1. List the aspartates and glutamates whose alpha-carbon lies under 18 Å from that of Lys163, not counting same-chain residues fewer than 8 positions away?
2. Greater than 21 Å separation of Cα atoms is the criterion. Which listed pairs, Lys215/Lys241; Lys16/Lys241; Lys22/Lys221; Lys91/Lys154, meet it?
3. At q = 0.14 Å⁻¹, what log₁₀ I(q)/I(0) does the chain have when each alpha carbon counts as one equal point scatterer in the Debye sum?
4. For helix 92-106, report the angle its Cα long axis makes with the longest principal axis of the Cα atoms of the chain; keep it between 0 and 90° and round to the nearest 10°.
5. Return the ratio Rg/(2.2 N^0.38 Å) for segment 74-160, where Rg is computed over Cα atoms only.
6. Nearest-5 percent of antiparallel DSSP beta bridges in the chain?
Amino acid sequence: MPGFQSPLRYPGGKRKLANFIKLLLRSNDLLDGEYAEVYAGGAAVALELLFERYVSHIHINDYDPGIYAFWYSAVHETDALCQRIWDVEVKMDEWYRQREIHEQLHSGEEIARLDAALATFFLNRANRSGIISGGVIGGKQQTGEWGIGARFNKPELVRRIEKIGRERNRISVTRNDGVVFLREVVSTLPARSFTYLDPPYYVKGQQMLYANYYKPEDHRKVAELVSNLGIPWMVSYDDVKEIRSLYIAHRSQDYDIHYSAQKRYRGREVAFFSDDLNVPDVDDPARINGRSFRHLEFELTA
Ligand SMILES: C[S@@+](CC[C@H](N)C(=O)[O-])C[C@H]1O[C@@H](n2cnc3c(N)ncnc32)[C@H](O)[C@@H]1O
C-alpha cells in the first residue's frame, strides 16, 4: 500500500478515508493549513496529510495515557524511543513484563513516559490486531502459525518513527479529553484549519478495541460543541440512530468499513460535515483508490 503507514496498528483505523479528506481539503481551500485529530489513535490520516504536504501542522490528541506517551516520545524523544525498541527482546517473558507496565499505567500509577510509550508500542505490535488488551500473536504457548514477532519488523518501525521525529516542529501532541481539546485547542486554531473527529464508537462491544471514556451524554456534548465550531469539521461514527439524531442538522454520508479484529468485521459507518464545507461527490469515501483519487484531484485543480 502506498503512502505513510503509522507505527501503531489500529483496528478500524481511518487511513482508508485519507484520500477523501485530501479531496475535502482541496475543494475547500484548506491546503497548507492546520489539521487537528481529536481522537487520534494511530493518527494515520494526520501523518499522511503532513508527509504529503497537504497540511502544514498537525495536532494529535488522545486521552489514553499509553497512546499519548507513545506519540509524545515518538515526536520529542525519538532517538531514546528508537533505542528502546532496538534493545527490547520480542519474547514472551518480555510480553508479560510490558503488559504489567501497561496495567500499572492504566490503574493510575506513575510510569516514566518512555516506559509507558514502549509498553504501549510493544503490546500494539505483539498482540492480535493490535488490540492492547487482547492476546499475543501465536498464543501464550507460541504454538500458532505466526509468532509474537510477526508484526515487529524493527528496522521498518524505527524508520517510521524517525521520519515522524524529523517533523517534530510541525506536530503537536496533547492528552486531553476530546471535549476539553475542542474547547481549548481547536477553538483557537487559525481560520484555515480543519478538524477530524473519530470518537469511540457509540455502541458498546466495539469498545473492546480501545479505551472508552464516553457515555451517551458525552457524545451529546461533543455534537453540541462541534456544531458550534468556528472551523470546518468532519465527524465519523458507527452508523446508529442515536448518533444520527445527534447530528440530524448536518449533511451525512454513510460507507462500509471492514477490518479484522479476531474475526472479520464489517460495519457501517457514517460521516457528518460542517455546513460550510463543499463535500466531494463520491460513491464511497472509504474506497477511493489511487487512480480515481488522482483523477478526482486533477478535476478539482483543472
Ligand atoms: C476510534 S479510535 C480512533 C482511531 C483513529 N482515527 C485511527 O485511525 O487510528 C478512538 C480513540 O479515541 C481515544 N479516546 C477515547 N476516549 C477519549 C476521550 N474522551 N478523549 C480523547 N480521546 C479519547 C482512544 O484512546 C482511541 O485511541
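A short reminder: the numbers here are calculations on the coordinates, not readings from a lab. Just so it is clear, the structure is predicted and the values come from calculations on it, not from any experiment.
1. Of all the aspartates and glutamates, those that pass the test against Lys163 - Cα under 18 Å, at least 8 places apart if same chain - are Glu48, Glu52, Glu77, Asp79.
2. Where the Cα-Cα span goes over 21 Å, the pairs concerned are Lys16/Lys241; Lys22/Lys221.
3. For the chain, the Cα-only Debye profile gives -1.09.
4. Long axis of 92-106 versus the principal axis of the chain: about 50 degrees.
5. Cα Rg divided by the expected 2.2 N^0.38 Å: 1.05.
6. In the chain, approximately 55 percent of DSSP beta bridges are antiparallel ones.
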